[in-house]
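Remarks on the structure that follows.
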Amino acid sequence: MKKKIKIEGMTCQHCINTVKAVIESIEGVELCKVKIGKAVIETCLMGPEQFLELEQSIVSGINKAGYTVGSIK
């Protein structure tokens, strides 16, 4: 399953590298592509509870790195 995440505050390659490292370190994320302002991740999880936990982990990790999640679709 693919998720698109709008991330506010990314302005350069360093930001992209930081966000990519944060997201890829989260268990359940198989692939992460990041561009200025957004990230697309691919996951392979089984149930809605796992997706909710994954989203919470992503939001928490991105916030700790100094960025803000605008939306996850």
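The values are calculated or read from the model by the stated rules, or taken from the named source; none is laboratory data. Quantities reported herein were computed from a predicted structural model and do not represent experimental measurements. Using ideal geometry, Cβ is built from the backbone for each residue, glycine included, and neighbour counts are taken over all protein chains shown. Heavy atoms of the whole protein, side chains included, go into the accessibility calculation; ligands, DNA and RNA do not. Shrake-Rupley method; radii C 1.70, N 1.55, O 1.52, S 1.80 Å.
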Original post:
Here are some conditions: (1) open to solvent by 30 Å² or more (accessible area, probe 1.4 Å); (2) outside any helix (DSSP H, G or I). ILE5 meets all but one. Which one does it not meet?
Top reply: (1)
Original post:
Would you pick out the residues in segment 9-19 that are in contact (Cβ under 8 Å) with a residue 24 or more places away in the chain and surrounded by 13 or more Cβ atoms within 10 Å (Cβ to Cβ)?
Top reply: GLY9, MET10, CYS15, THR18, VAL19
**OP:** Could you list all residues from segment 20-32 that are more than 14 Å from LEU54 (Cβ to Cβ) and either surrounded by 14 or more Cβ atoms within 10 Å (Cβ to Cβ) or aromatic (Phe, Trp, Tyr) (or both)?
**Re:** LYS20
**OP:** Report, by residue number, each residue of segment 19-55 that is modelled with pLDDT under 80 and closer than 15 Å to SER71 by Cα.
**Re:** ILE41, PHE51
**OP:** Among residues belonging to segment 33-65 that are in contact with a helix residue (DSSP H, G or I) (Cβ under 8 Å, 6 or more places away or on another chain) and surrounded by fewer than 13 Cβ atoms within 10 Å (Cβ to Cβ), point out the one that is farthest from MET1 (Cα to Cα).
**Re:** LYS64
Original post:
How many of the residues in segment 51-73 are part of a helix (DSSP H, G or I) and in contact with a Lys or Arg (Cβ under 9 Å, 6 or more places away or on another chain)?
Top reply: 4
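Let me confirm something: among ILE23, ILE5, which residue is under 11 Å from the mean Cα position of the chain (by Cα) and without any contact (Cβ under 8 Å) to a residue 40 or more places away in the chain? I'd like the intermediate steps shown before the answer.
Details: ILE5 fails: without any contact (Cβ under 8 Å) to a residue 40 or more places away in the chain.
When all the criteria are applied, what remains is ILE23.
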